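Here the structure is laid out as structure tokens; the discussion comes afterwards.
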């Protein structure tokens, strides 16, 4: 019979092995974690289709965050090591909040101004809508979406910025690290194209190509922004609050016109992305002023 007392020792051995492997092959470790999370996502979206039933990829978000926590625990790290700590908490939350709010103010303003110019009578409308699958609901569904946004931001920021950002920093410099995690973040959203194909929303080659671009390029760009927020503040909270606010705005604040609901969404999000990119100059100055440390390679 196996001695149960040996389990903690075995866990320590496994932890040392994973930690050593992560240091020796950090990029490969990132890819392995990505593939595991991607399997969760494909099962959730393609096999179980929970997003169609619940409006949320809740299995992906929950198991993905657990994956981050398990990796942190096995490697002998703490969650503060991936940026979830109280150091410069106020400044980090403020940076993430202001950059996102300003970007959305510009985005919605341009969208509304364009709609007015087109004579489509735009109005702002509050409502709980999952824009990916078009699932709608009332108060309880809204609270469900908000909870999903919280968990999703912890999962994606924890994996792509917290873990990949720190691991890739072992091999890459600041900008190489940022581009790497952003590239992985862009790929992470491509399963939506397969989903849309299976449900019949895209069929032709042109539609598929458009869906690939729409579900990878904006995510790569915003991944650069979130990665910069994390790498410059050494805090996951800046990227987490920015991510949560961004997803929540898409879920709850809509522009209704005579042409339909959120028909100007591409314009809004284009302006949002441009402003977010330009905000990085401001973030650089603020982090410098408050002497916030950058993310450094793990030893």
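None of the figures in this text is laboratory data; all of them are computed from the coordinates on show. For clarity, every value in this text was computed on a predicted model and none was experimentally measured. Every residue, glycine among them, receives a Cβ derived from its backbone with ideal geometry; neighbour counts consider all protein chains shown.
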Honestly the range 1-113 on the Cα gyration tensor test (a ≥ b ≥ c root eigenvalues; a/c under 1.5 rounded, otherwise a/b vs b/c for prolate or oblate) is just oblate
So how tilted is helix 58-74 from the main axis of the chain? Cα-based, degrees 0 to 90, rounded to 10. 30
Can you tell me how the range 54-158 classifies by the Cα gyration tensor, rounded, prolate or oblate, using a/c under 1.5 as the rounded cut? oblate
Kindly express, to the nearest 10 degrees and within the range 0 to 90, the angle between helix 7-24's C-alpha long axis and the longest C-alpha principal axis of the chain. 70
The chain - share of DSSP beta bridges that are antiparallel (%, nearest 5): 100
Whole-number D in µm²/s for the range 169-273 (Stokes-Einstein; Kirkwood sum over Cα pairs; 4 °C, 1.567 mPa s): 84
Within 10 Å of each residue's Cβ, count the other Cβ atoms and sort 254, 243 from fewest upward. 254, 243
Angle between the chain longest axis and helix 217-233 axis [Cα atoms, degrees, rounded to 10]: 50
Give me the number: length gained by fully extending residue 289 to residue 124, i.e. 0.36 nm times residue separation minus the C-alpha to C-alpha distance, one decimal in nm. 55.7 nm
Any chance you could list P(r) for the chain, counting all Cα-Cα pairs in 10 angstrom bins from zero, rounded to whole %? 6, 25, 34, 23, 9, 2, 1, 0
Shape of the range 12-77, Cα gyration tensor, a/c cut at 1.5: prolate
Here the gain from full extension of residue 85 to residue 207, 0.36 nm per residue of separation minus their alpha-carbon distance, amounts to 39.6 nm
What is the P(r) of the range 145-225, as percent of Cα-Cα pairs per 5 Å bin from 0? 3, 16, 20, 19, 17, 13, 9, 4, 1
Quarter of the Cα convex hull surface for the range 116-166, i.e. its orientation-mean projected area (nm²): 5.8
Separation of the range 236-299 and the range 68-124 by C-alpha centroid, Å? 5
